[in-house]
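The values are calculated or read from the model by the stated rules, or taken from the named source; none is laboratory data. Source: prediction; values computed, not measured. Cβ coordinates were reconstructed from backbone atoms using ideal geometry, including for glycine residues, and neighbour counts include every protein chain displayed. Just the protein is used for accessible areas: all its heavy atoms, side chains included, with ligands, DNA and RNA removed. Shrake-Rupley method; radii C 1.70, N 1.55, O 1.52, S 1.80 Å.
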Amino acid sequence: MAVCVDRPILSLDRPFTYDLPPDIGAGVGSLVRFRFHGKLSTGWVLGATEDIPARMLPVQRLVSPVRFFDDSMLALARWVSERYVTPLATVLGRLSPPRVAGEDDTEIVPPGAHGPVSPGTALATYAGGTDLLDLCRRGAGAMALRPAPEQEQMVAVEAVAACLRGGRRALVLVPEASPLPGTAAALVRMFGERVAVFAGGDRRTRYRTWRAIQGGAADVVVGTRPAVFAPLPGLGLIYIARESHPGHREERAPHYHVREVAIARAKRDGAAVVLAALCHSSEAAVLGLRTALPRGRVWPKVEVVRPGSEGKAPRLVQALREAKRGFVFSPMPGYGTAQICRTCRSAAVCGVCGGTLRLEEGSVRCVVCQAPGRCAACGAERFGIRRGGAERVTEWASGLAHVPVREVARPRLPRANEILVGGPEDVRDLGPGGLDLVAIIDADASGRRPGLAARERTLATWMEAAAWAQPGGHVIVQSSDPGDVMIQALVRGNPARFLARERERREEAGFPVGAPVFRVVGDDRLEEEVIALAPRTVLVSSIAGRTVCLLALEPGRLRTFGAAMRRLAVSGVVERVEAEPHL
């Protein structure tokens, strides 16, 4: 019997053969104990194998009666292992939350009969909406969806309802767990006990929910990244809300993106995939999927005005005086940035790491290492501050508005007669906004952030914030370049031209959209070995005496690359492989 040892090391990424006594009661997906190199170890049963050595050690005992995956999920795990060049043990460890032994024998109660639901008919009015509903009902295939801003949650409910009418179950993936996204809340309101929310919670809660999903106790699962592996039987639909959100990428190994895993899983399970977003990612755009979208313009009025001092453009000043309920997007936190040391007149940088110093909540700290602000040249603590940031905006806006202006303490929509000031982390799936005003300050600085995908993420955030002004409100964005393709995408509410330009820019940079990208760390032999694999692009640097290669591959070279990385890990050349690093 082939067994995967629970040691997530690339150099050990292969199955090992053990004798599985029939009386143990183990099978594919079972967690078992056995001796590996003389030590008692844990691993998963992968199934029968024809690779039978002359001498085999026995599996000693069954750790849990739960089968943590079946043949279909094992096939998906193998795909993830190959696509992201990561040990299969790492992937198998992600298929379920950490085990809580006391929940292994919990009785699972499947849902009873449920009557029909009538979620609404918004999608039927969309161009391509009827096809999308039919796709959700019958399964198999993929489409993109660009919802009307005020219907983002409603159309998710309609898609799920279509899947349930087809007699199958639905998986909805959201990028964040707290606060509970508006899409998740809408599904719970509509389908009640048929929904399992697999997002957040302590270990026991997560494991208990996972066990309930595996036992068929939910018709709809809504969750964050790990839910893409939820063991939902009879899967008919995987719906990804806010597909372009960076929260859909796993930061830990295996560094997967739920979009890619969802598409691979749906093909294996014969399910449908819907990628929903106001602004899709470039990776979704190059898939060439048919898009369902509203007929006609359903986007708030967007005014582009020249920036004013500290963001106080005259048009925004007037709008703040008139607004009763609004949101001001300020991309920088704090009150301002330290520019110069008042003692020695040197440029202000952190004395510990050389990072930027920011005044926030009354004290100056480094934005990188969080050390107290001290001049790198003389150690002084007095700085000249260039004012600008959410705290400062809150201060001056409070003197203009006729309603309270508050900085966001936790993500929420403004209450009646209130204006909130917040940054990118405060733009969440909070439900329809209905705000009088959404203002975007310092758009030029946001658009200049480093990174290949930074502009794309910024535009997606702007569009999600602007959507709160629909229906009936308006948006003011401050930019010195109103003709920029990014600004025009926001004005039109249509990112197509922007995404086409981004694909060209990524191609010119050597990291085209759709090309697998890896960061590999190893010894001084690594550069020669990587170049021999003929990557499309490779950049080589050195950190702390280790060689670091950043590379892009032709998609057809992925399997060869993965085999080489495993071989080089065994020989000690490769220490770490990270897939799809943030660029």
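General observations
- Restricted to segment 274-312, and to residues there that are among the aliphatic types (A, V, I, L, M), in a loop (DSSP other than H, G, I, E, B) and within 24 Å of residue 171 (Cβ to Cβ), the residue that is most open to solvent (accessible area, probe 1.4 Å) is 287.
- Failed condition for residue 10, given (1) over 24 Å from residue 100 (Cα atoms); (2) over 30 Å from the mean Cα position of the chain (by Cα); (3) not charged (D, E, K, R): (2)
- Check on residue 156, within 19 Å of residue 227 (Cα to Cα) and of a type in the set (A, V, I, L, M, F, W, C): yes
- Some residue of segment 323-334 being at pLDDT 95 or above, open to solvent by 50 Å² or more (accessible area, probe 1.4 Å) and more than 30 Å from residue 227 (Cα to Cα): yes
- Within segment 1-23, residues that are acidic (Asp, Glu) sit with their Cβ atoms under 9 Å from residues that are modelled with pLDDT of 90 or more and open to solvent by 30 Å² or more (accessible area, probe 1.4 Å), at 6+ positions apart or across chains, in these pairs: 6/42; 6/93; 13/566; 19/57; 19/58.
- Qualifying residue in segment 196-204 (condition: at pLDDT 95 or above, of a type outside the set (Lys, Arg), part of a loop (DSSP other than H, G, I, E, B) and within 30 Å of residue 490 (Cβ to Cβ)): no
- Scanning segment 26-52 for residues that are within 11 Å of residue 64 (Cα to Cα), assigned to a loop (DSSP other than H, G, I, E, B) and either among the polar types (S, T, N, Q) or open to solvent by 10 Å² or more (accessible area, probe 1.4 Å) (or both) yields a single hit, 26.
- Complete set of residues in segment 116-152 that are surrounded by 18 or more Cβ atoms within 10 Å (Cβ to Cβ), farther than 14 Å from residue 278 by Cβ and among the charged types (D, E, K, R): 137
- Residue under evaluation residue 84, criteria (1) more than 23 Å from residue 269 (Cα to Cα); (2) under 29 Å from the mean Cα position of the chain (by Cα), criterion not met: (1)
- Cβ-Cβ contacts under 8 Å between residues 6 or more apart (or on different chains), taken from a first residue in segment 346-363 that is within 28 Å of residue 408 (Cα to Cα) to a second residue that is of a type in the set (D, E, K, R) and in a strand (DSSP E or B), are listed as 357/365; 358/365.
- Number of positions in segment 390-444 that are small (Gly, Ala, Ser) and either under 26 Å from the mean Cα position of the chain (by Cα) or within 23 Å of residue 174 (Cα to Cα) (or both): 9
- Residue 315 being touching a residue at least 40 places away in the same chain (Cβ under 8 Å), part of a helix (DSSP H, G or I), touching a strand residue (DSSP E or B) at 6+ places or on another chain (Cβ under 6 Å) and of a type outside the set (Val, Ile, Thr): yes
- Residue 343 vs. criteria surrounded by 14 or more Cβ atoms within 10 Å (Cβ to Cβ) and part of a loop (DSSP other than H, G, I, E, B): yes
- Residue that is least open to solvent (accessible area, probe 1.4 Å), among those in segment 153-179 that are over 25 Å from residue 246 (Cβ atoms) and in a loop (DSSP other than H, G, I, E, B): 166
- Residue check for residue 70: among the acidic types (Asp, Glu) and within 27 Å of residue 251 (Cα to Cα): yes
- Just one residue in the set 142, 148 is within 25 Å of residue 289 (Cα to Cα) and in contact with a helix residue (DSSP H, G or I) (Cβ under 7 Å, 6 or more places away or on another chain); that residue is 142.
- Inter-residue pairs, beta-carbon under 7 Å, first within 27 Å of residue 436 (Cβ to Cβ) and in segment 327-342, second among the hydroxyl-bearing types (Ser, Thr, Tyr), 6+ apart: 331/446
- Filtered residues of segment 346-362 (kept if open to solvent by less than 50 Å² (accessible area, probe 1.4 Å), among the small types (Gly, Ala, Ser) and within 14 Å of residue 385 (Cα to Cα)): 346, 348
Each row is one residue, and each column tells you yes or no for (1) open to solvent by 10 Å² or more (accessible area, probe 1.4 Å); (2) under 30 Å from residue 441 (Cβ atoms); (3) outside any strand (DSSP E or B).
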position	(1), (2), (3)
488	yes, yes, yes
498	no, yes, yes
503	yes, yes, yes
508	yes, no, yes
519	yes, no, no
530	no, no, yes
534	yes, no, yes
540	yes, no, no
551	no, no, no
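- Listed by first and then second residue, the pairs with beta-carbon distance under 9 Å, at least 6 apart or on different chains, first residue in segment 52-80 and farther than 16 Å from residue 265 by Cβ, second of a type in the set (Lys, Arg) and assigned to a helix (DSSP H, G or I), are 66/211.
- Considering only residues in segment 205-257 that are assigned to a helix (DSSP H, G or I), in contact with a helix residue (DSSP H, G or I) (Cβ under 7 Å, 6 or more places away or on another chain) and open to solvent by less than 20 Å² (accessible area, probe 1.4 Å), the one that is nearest to residue 103 (Cα to Cα) turns out to be 207.
- Residue within segment 496-512 that is in contact with a Phe, Trp or Tyr (Cβ under 6 Å, 6 or more places away or on another chain) and within 21 Å of residue 277 (Cβ to Cβ) present: no
- Flag if residue 81 is in contact with a Ser or Thr (Cβ under 9 Å, 6 or more places away or on another chain), under 30 Å from residue 518 (Cα atoms), open to solvent by less than 30 Å² (accessible area, probe 1.4 Å) and hydroxyl-bearing (Ser, Thr, Tyr): yes
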